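The values are calculated or read from the model by the stated rules, or taken from the named source; none is laboratory data. For clarity, every value in this text was computed on a predicted model and none was experimentally measured. Every residue, glycine as well, gets a Cβ built from its backbone with ideal geometry; the counts of neighbours run over all protein chains shown.
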Amino acid sequence: MNTSSAAELSDIFRLSAPDRYTLFLTDAVVNAKVWTLKGEDGFVAFSDDAGRDCFPFWPAPEFAEALADGDWSDCQAEPLPLAVFMDRWLPGMARDERPVAVFPAPDGSCIVMDPLTLLQDLKEERAQC
């Protein structure tokens with residue numbers, strides 16, 4: 001995803017969370033990487049309604065950077081190779097019972113899900129490409 005303007009970013013963030021999820025799957029597989037935010041204290045997380053740490057991921061750096069404000073203002077977009085994300089991160093997050101927040105928007109909307117469900121969806125997307 002080469003998004004060049006603030007208007008294009010805004011248009012994509014206005015998509016529904018399920019539509020952004022689909023875009024995430026496609027872009028992650030095509031580009032073979034995902035992006036998160038990392039600051040001096042490590043990778044960012046936020047608490048869901050149940051108090052669990054959720055780790056956010058985006059399909060391109062400009063989306064992650066759009067949320068690098070407030071508590072995350074010291075953070076930078078950090079790429080993760082898709083293979084590492086699928087082989088290490090998602091199984092580790094599942095083991096630690098930490099959900100994934102897929103493609104959060106500035107309004108807070110996103111899909112929060114079990115990491116193994118995301119892993120299966122990524123495998124299915126990869127098989128279709």
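Conditions tested, residue by residue: (1) free of Cβ contacts under 8 Å to residues at least 12 places away in the same chain; (2) over 24 Å from Cys129 (Cα atoms); (3) touching a helix residue (DSSP H, G or I) at 6+ places or on another chain (Cβ under 7 Å).
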{"site": "Trp35", "(1), (2), (3)": "no, no, yes"}
{"site": "Phe43", "(1), (2), (3)": "no, yes, no"}
{"site": "Ala50", "(1), (2), (3)": "yes, yes, no"}
{"site": "Pro56", "(1), (2), (3)": "no, yes, no"}
{"site": "Ala68", "(1), (2), (3)": "no, yes, no"}
{"site": "Asp74", "(1), (2), (3)": "no, yes, no"}
{"site": "Trp89", "(1), (2), (3)": "no, no, no"}
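Select from the stretch 61-116 the residues that are among the β-branched types (Val, Ile, Thr), within 28 Å of Asp11 (Cα to Cα) and modelled with pLDDT of 95 or more and write down the one among them that is nearest to the chain's Cα centre (by Cα). Lay out the reasoning, then the answer.
Narrowing the stretch 61-116 to residues among the β-branched types (Val, Ile, Thr): 84, 100, 102, 111-112.
Filter once more, keeping what is within 28 Å of Asp11 (Cα to Cα): 100, 102, 111-112.
Among the residues that remain, those that are also modelled with pLDDT of 95 or more are: 100, 102.
Numbers: Val100: 8, Val102: 4 Å.
Checking each candidate, the answer is Val102.
So for the stretch 73-92 (the condition being among the hydroxyl-bearing types (Ser, Thr, Tyr) and within 22 Å of Asn31 (Cα to Cα)), does at least one residue qualify? Full working, then the answer.
Initial filter on the stretch 73-92 (among the hydroxyl-bearing types (Ser, Thr, Tyr)): 73.
Going one step further and asking which of them are within 22 Å of Asn31 (Cα to Cα), we end up with none.
So far as the stretch 73-92 goes, no, none of its residues is among the hydroxyl-bearing types (Ser, Thr, Tyr) and within 22 Å of Asn31 (Cα to Cα).
Restricting the search to the stretch 3-33, which residues are touching a residue at least 24 places away in the same chain (Cβ under 8 Å), within 17 Å of Glu65 (Cβ to Cβ) and not in a helix (DSSP H, G or I)?
Selection gives Thr3, Lys33.
Given the conditions (1) closer than 25 Å to Leu9 by Cβ; (2) part of a helix (DSSP H, G or I); (3) of a type in the set (A, V, I, L, M, F, W, C), and given that Leu37 satisfies all but one, which numbered condition is not satisfied?
With (1) closer than 25 Å to Leu9 by Cβ; (2) part of a helix (DSSP H, G or I); (3) of a type in the set (A, V, I, L, M, F, W, C) applied to Leu37, the lone miss is (2).
Kindly check whether there is at least one residue in the stretch 113-129 that is crowded, with 17+ Cβ neighbours inside 10 Å, not in a helix (DSSP H, G or I) and not aromatic (Phe, Trp, Tyr). Give the derivation first.
Residues of the stretch 113-129 that are crowded, with 17+ Cβ neighbours inside 10 Å, as a first pass: 115, 118-119, 121-122, 125.
Restricting the remaining residues to those that are not in a helix (DSSP H, G or I) gives none.
No; the residues of the stretch 113-129 include none that is crowded, with 17+ Cβ neighbours inside 10 Å, not in a helix (DSSP H, G or I) and not aromatic (Phe, Trp, Tyr).
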